[in-house]
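Structure record follows, encoded as structure tokens.
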């Protein structure tokens, strides 16, 4: 079992990093928070050109038919750059559901081409649909029944670039055997985003520690700062193998373990980055908050840490030791 990206996947991730670094994501995120989705949707179109939006779309519908490990590579980099939009829904959960429902050719080519965004509500883990105001397709999964939905009342999120919407059924629904797999893939993408956001926070903290001068030198020379950032780096590296193992097995306990580990590691990175930056880290102008609030929001999305710890325990009680 491979517990890290392959050389090809590493090159794919590096190419996405270069693309997003040149794409003015911070400005697009600010526009998204203000209700203007066009700048971010242009970035989504660029991602479509390199295959990101079609990773899980079958080849017959214009996608790449790739595996979960490739999806994790892309999602980690999207989290690293804090790209706004319904990432787990559009890239993972909804394509998986549509491929198992009738008339997949109506929507899947549009998703693969990056022309459409999709979102999903699936109580209890997903009681609201993220960014339904920007989505071209909204689905509601009620147990194993899936159908179209319409957005209702908006709910605020701690992340300014996320809007949550109540939804209600808006058409005939179908029994879908892929609901469980779709939700696990969404959880996996959310975990990868958290890992990427944690990396970004660590990089920001290290850069600030090297340049922030206090008591006659950079604060990074203090062992207390070094040890705190080293703990963050270790946490992120320990979470990565769990994430890639889950991408291989897609077993319920592995997916939940990866979500817990990535959320814990990203949360540790957020706390350390805020402490290293001090008061400036709280300001909206600095920009650190884009990752701080996203980590907090994603840690609770797609099932809370308590939900996933409970699922790990339940699965372990069924099968004994880990495979």
Taking the simple approach of a point 7 Å from Cα along Cα-to-Cβ for both residue 211 and residue 133, what is their distance in nm?
3.3 nm
List 318, 259, 106 from most exposed to least, where exposure is judged by having the fewest other Cβ atoms within 10 Å.
318, 106, 259
Before anything else, pin down the relative contact order of segment 172-323: Cα pairs under 8 Å, at least 6 apart, normalised by residue count, whole percent.
32 percent
Which distance in nm do the two modelled labels at residue 169 and residue 155 give, with both placed 7 Å along the Cα-to-Cβ direction?
2.1 nm
So, in nm, how far is label residue 249 from label residue 64 when the simple model puts each one 7 Å beyond its Cα toward the Cβ?
2.6 nm
Fewest-first ranking of 248, 57, using other Cβ atoms within 10 Å as the exposure measure
248, 57
Relative contact order for segment 92-182 using alpha-carbon pairs under 8 Å, separation at least 6, rounded to a whole percent?
27 percent
Relative to the chain, whose Cα atoms define the longest principal axis, helix 223-249 and its Cα axis are tilted in degrees, nearest 10, by 20 degrees
Where the eigenvalues come from the Cα gyration tensor of segment 180-319, what are the semi-axes √(5λ) of the equivalent ellipsoid, largest first, in whole Å?
32, 15, 11
When 215, 12 are ranked with the fewest other C-beta atoms within 10 Å first, the list becomes 215, 12
Here are a few candidate values for P(r) over Cα pairs in 20 Å bins from 0, in percent: [x] 33, 58, 9, 0; [y] 37, 60, 3, 0; [z] 27, 47, 23, 2. Which one was actually calculated from the structure I just gave you?
[x]
Below 8 Å, C-alpha to C-alpha, sequence gap of six or more: please give me the relative contact order for the chain in percent.
17 percent
Per the 1/(1 + (r/R0)^6) rule, R0 = 22 Å and r from the Cβ atoms of residue 316 and residue 125, FRET efficiency to 0.05 is 0.65
Taking the Cα centre of each part, how many Å lie between segment 83-129 and segment 183-242?
31 Å
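FYI, it's all coordinate maths here, none of it is from the lab. Just so it is clear, the model here is predicted, and its values are computed rather than measured. Don't worry about glycine lacking a Cβ; one is built from the backbone with ideal geometry, like all the others, and counts go over all protein chains shown.
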